[in-house]
Amino acid sequence: ANAGLVVCFGEMLIDFVPTVAGVSLAEAPGFVKAPGGAPANVAIAVSRLGGEAAFIGKLGDDEFGNMLAAILKQNGVAADGLTFDKGARTALAFVTLRADGEREFMFYRNPSADMLLTPEELNLELIRSAKVFHYGSISLIVEPCRSAHLKAMEVAKQAGALLSYDPNLRLPLWPSASEAREQIMSIWDKAEVIKVSDNELEFLTGNENIDDAAAMSLWHPNLMLLLVTLGENGCRYYTKNFHGSVNAFRVNTVDTTGAGDSFVGALLCKIVDDHSLLKDEAKLREALKFANACGAITTTKKGAIPALPTESEALSLINK
Ligand code: ADP
């Protein structure tokens with residue numbers, strides 16, 4: 001395949017996850033480190049599938065920052081867009097799913113290094129060499145990272161990259177729900193490919209009925225492909241000319257963390273290989289089947305990065 005570079009922009013951090021299931025953060029006897037951050041996961045997903053990927057973001061010049069930079073390197077993701085802040089520390093999150101089903105989050109961000117990336121620090125040459133520019137995290141919340149985010153999008157677009165967006169809504173991160181909606185919608189009409197989850201669709205439309213009409217109410221003229229992921233029910237796709245759904249694979253799910261990022265990474269690999277799938281329903285359905293397989297495999301192991309599949313793992317699930 002004559003692939004091209006996928007550049008992913010945004011946050012990379014470490015989630016601390018309790019060593020036992022179903023406890024509150026205060027009750028946790030200990031934590032394990034789970035490196036992540038949606039755009040970084042997508043970059044690693046692309047690389048593990050054999051694609052070419054780079055990550056742009058900022059880390060603290062500390063133990064955790066060095067650990068994350070090493071993970072990118074080990075996974076073959078180009079790190080020439082990575083910068084280190086001299087003062088602020090790497091972003092950390094403590095995350096748990098309590099026995100009552102509620103998620104609890106606690107963040108180290110006051111501010112963390114990822115939010116301090118400036119427009120001047122962007123590696124513009126790297127951005128201009130992207131075939132696909134993918135973004136989507138809380139880097140819109142505060143300056144200077146917000147300006148860096150907007151500039152990177154602009155430069156990528158001018159250089160002819162396809163823009164891909166996943167809002168990755170994690171409400172506790174935003175000051176308020178209305179601000180989250182406003183910030184997401186402020187860049188909504190820029191991307192050519194957008195992936196949302198069913199929950200995000202509900203949140204963004206304010207409509208509990210997440211049907212085709214709800215999805216189409218988010219359509220904009222630059223958009224070529226809108227995807228709605230539905231967990232164990234697969235995904236729905238919308239283009240200007242056709243829409244439909246593709247079923248999920250049945251697997252032994254143990255942890256869904258990273259499934260959406262795995263899905264996006266897989267799809268972007270396919271798009272970089274063959275742009276025409278955005279206009280060809282049969283090819284698009286093939287690509288989404290592959291993306292569903294990658295998402296499914298990612299749910300069969302704990303954590304996000306360790307659970308991202310290779311191409312041969314994905315193909316063996318498809319051909320089973
Ligand atoms: P997000 O992580 O963005 O919420 P989803 O949880 O919907 O996204 O997962 C993305 C994709 O991963 C789904 O469209 C589906 O193909 C696959 N997937 C997720 N959960 C499961 C599951 N329990 N069984 C099989 N496939 C799954």
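Stretching GLU63 away from LEU315 to a fully extended chain increases their span by 87.0 nm, per 0.36 nm per residue minus the current alpha-carbon distance. Near PRO39, once Lys and Arg are set to +1 and Asp and Glu to -1 for all other residues with Cβ below 9 Å from its Cβ, the sum equals -3.
Going from the residue with the fewest nearby Cβ atoms within 10 Å to the one with the most, PHE249, PHE290 rank PHE249, PHE290. Here each label is just a point 7 Å from Cα along the line to Cβ, and for LEU97 and ASN209 those points are 3.0 nm apart. Grab the beta carbon distance between GLN158 and GLU182, set R0 = 25 Å, and tell me the FRET efficiency rounded to 0.05. The pair GLN158/GLU182 has a calculated efficiency of 0.45. In the range 86-176, Cα pairs under 8 Å separated by at least six residues give a relative contact order of 26 percent. According to the square roots a ≥ b ≥ c of the eigenvalues of the Cα gyration tensor, what is the shape class of the range 152-291, taking rounded for a/c under 1.5, prolate for a/b larger than b/c otherwise, and oblate for the remainder? Note, shape of the range 152-291 comes out rounded. When you restrict to C-alpha pairs under 8 Å that are six or more residues apart and normalise by the size of the range 167-295, the relative contact order lands at 18 percent. Multiplying each eigenvalue of the alpha-carbon gyration tensor of the range 162-228 by 5 and taking the square root yields semi-axes of 18, 15, 10 Å, largest first, rounded to whole angstroms.
Estimated from helical segments only, the mean residue ellipticity of the chain at 222 nm is -10000 deg cm²/dmol, where each DSSP H run of four or more residues counts as -39500 (n - 2.57). For the range 161-193, the residues whose backbone nitrogen is under 20 Å from a point 7 Å from the Cα of SER24, taken along Cα to Cβ, are 172-173.
Ranking of PHE242, PHE263 by neighbouring Cβ atoms within 10 Å, starting from the fewest: PHE242, PHE263. Remark: the Cα gyration tensor places the range 196-272 in the oblate category, a/c being 1.5 or greater and a/b not exceeding b/c. Please label the shape of the chain as rounded, prolate or oblate, based on the square roots a ≥ b ≥ c of the eigenvalues of the alpha-carbon gyration tensor (a/c under 1.5 means rounded; beyond that, a/b larger than b/c means prolate, else oblate). Taking the square roots of the gyration eigenvalues as a ≥ b ≥ c, the chain is rounded.
Count Lys and Arg as plus one, Asp and Glu as minus one, and take only other residues whose Cβ is under 13 Å from that of SER164; the net charge is then +2.
Any read-out appearing in this document is the output of simple, stated calculations on the displayed coordinates, not a laboratory observation. Computed from a prediction, not measured in an experiment: that's the story for all the values here. For neighbour counting, all protein chains shown are included, and Cβ atoms are generated from backbone atoms with ideal geometry for every residue, glycine included.
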